[in-house]
């Protein structure tokens, strides 16, 4: 199993509450573009490659590379097909992808709480 | 790949704000609120014409047990039992088609399924209620109304409220609440609350100088909610247009 997919499997388990939230962030998910892809796919349920490219402001090549990472980690499902004569690529989140995004957002919120608590402790 | 392992350099606040912004943009691309409002508004205004064309006055002998025994009572019949079920079912089917087509064109999924399924289920329920009442036969003046086994006084406030609730408030208003929820659309929620208030509050025709026995007596009952839905459609349509212009500029 690759390092990336190992990391993605870790996201399915939320780290213990006493562990620093940074340790709960998964590099596969936390990367800016991939986090954007997961967010758009979560809200859009099923999104087309072109929509994703425009929404994230990426080149086709760059987006394809990030999608390959997410697909390898089994966080997204990619379907290719035709609509009329046009080739289309559709993307949707797998259950693991949905959980990974949820975990990421939870860790980010925990991190914000810790930062805010730290700054209020230092002020007092 | 140059940035595959580079984590986000932004603060957690900035990352969450960016995700929130992305989510808002996707929601905005998924919405097509103006279309169902336009259909429902047009259908509601069409109800005025149907009421006018089906208006019928009958004079029947008043029931023996009532206070007006021996004299004649006037029975007004208005409205088609087919117009609303068929019209609303077609409106929900057209909305589903519109959203699916839009989803294909824009490349992003649609959350409309709960709205359409709720709409069709509630149209079925409203139709069953209407046919149940129709099945009981024309109500004699002064007699009680059989509403799913409840024998209600037709003149009481509770009966009138239940009749209004079992009509368009249920078949149009409740599905719109579902649409506001699936689209996370606060403006639609506000419009729906106003619509439900209009449908559930009794609208009389006296202020407009229209008698209850007039063929146009249903004008405010359909005209006010119909215009509200059409104005909503116009507002959401304009908002969508300006949002698209802002995105493209």
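Only the coordinates and a few stated rules stand behind these numbers; no lab work does. Since the model is a prediction, treat every value here as computed from it, not as a measurement. Ideal geometry is used to build each Cβ from the backbone, glycine not excepted, and the neighbour counts take in all protein chains shown.
Need one value for B:28-40: mean number of C-beta atoms belonging to other chains within 10 Å of its residues' C-beta atoms. Working shown, then result.
Numbers: counts 0, 7, 3, 0, 0, 0, 0, 0, 0, 0, 0, 0, 0.
If you average over the peptide's residues, the count of other-chain Cβ atoms is 1.
Between residue B:194 and residue B:104, what FRET efficiency comes out of the Förster formula 1/(1 + (r/R0)^6) with R0 = 51 Å and r the beta carbon distance, rounded to 0.05?
0.95
Efficiency by 1/(1 + (r/R0)^6): what FRET value for residue B:132 and residue B:216, r their Cβ-Cβ distance, R0 = 30 Å, to the nearest 0.05?
After rounding to 0.05, the efficiency reads 0.60.
Provide the packing ranking of B:177-184, B:47-54, i.e. peptides ordered by the mean count of other C-beta atoms within 10 Å per residue, highest first.
Values: B:177-184: 18.2, B:47-54: 16.5.
Peptide ranking by packing, descending: B:177-184, B:47-54.
Using a 10 Å cut-off around each Cβ, can you sort B:224, A:76 from fewest to most neighbouring Cβ atoms? Intermediate values should be presented prior to the final figure.
Details: B:224 16, A:76 24.
Least crowded to most crowded, the residues run B:224, A:76.
Once all Cα-Cα distances of the range A:26-114 are split into 5 Å bins that start at 0, what whole-number percent is in each one?
3, 14, 26, 25, 16, 9, 4, 2, 1, 0, 0
What is the average number of partner chain Cβ atoms found within 10 Å of a Cβ in B:47-57?
Other-chain Cβ atoms within 10 Å of each residue's Cβ, averaged: 0.
What ranking, highest mean first, results for peptides B:82-88, B:30-36, B:72-78 when packing means the other Cβ atoms within 10 Å averaged over each residue?
B:30-36, B:82-88, B:72-78
Would you compute the Debye intensity of the range B:32-248 from its alpha-carbon atoms alone, equal scatterers and no solvent, and pass along log10 I(q)/I(0) at q = 0.09 Å⁻¹ to two decimals?
So the normalised log intensities work out to -0.42.
Considering every residue in B:104-117, what mean count of other chain Cβ atoms within 10 Å of its Cβ is obtained? It would help to have the intermediate numbers written out before the result.
On the way: counts 3, 2, 6, 15, 11, 10, 3, 3, 0, 1, 0, 0, 0, 0.
Whole-number average of other-chain Cβ neighbours for B:104-117 is 4.
Highest first, please rank the peptides A:99-112, B:233-246 by the mean number of other Cβ atoms sitting within 10 Å of their residues.
Peptide ranking by packing, descending: A:99-112, B:233-246.
Pop a pseudo-label 7 angstrom from the Cα along the beta-carbon direction at both residue A:117 and residue B:82 and give the gap in nm to one decimal.
If labels sit at residue A:117 and residue B:82, their model points lie 6.8 nm apart.
Would any residue of the range A:92-113 have its amide N under 20 Å from a label point 7 Å out along Cα→Cβ of residue B:247? List them or say none.
Counting backbone N atoms under 20 Å from the label point, the list is A:92-93.
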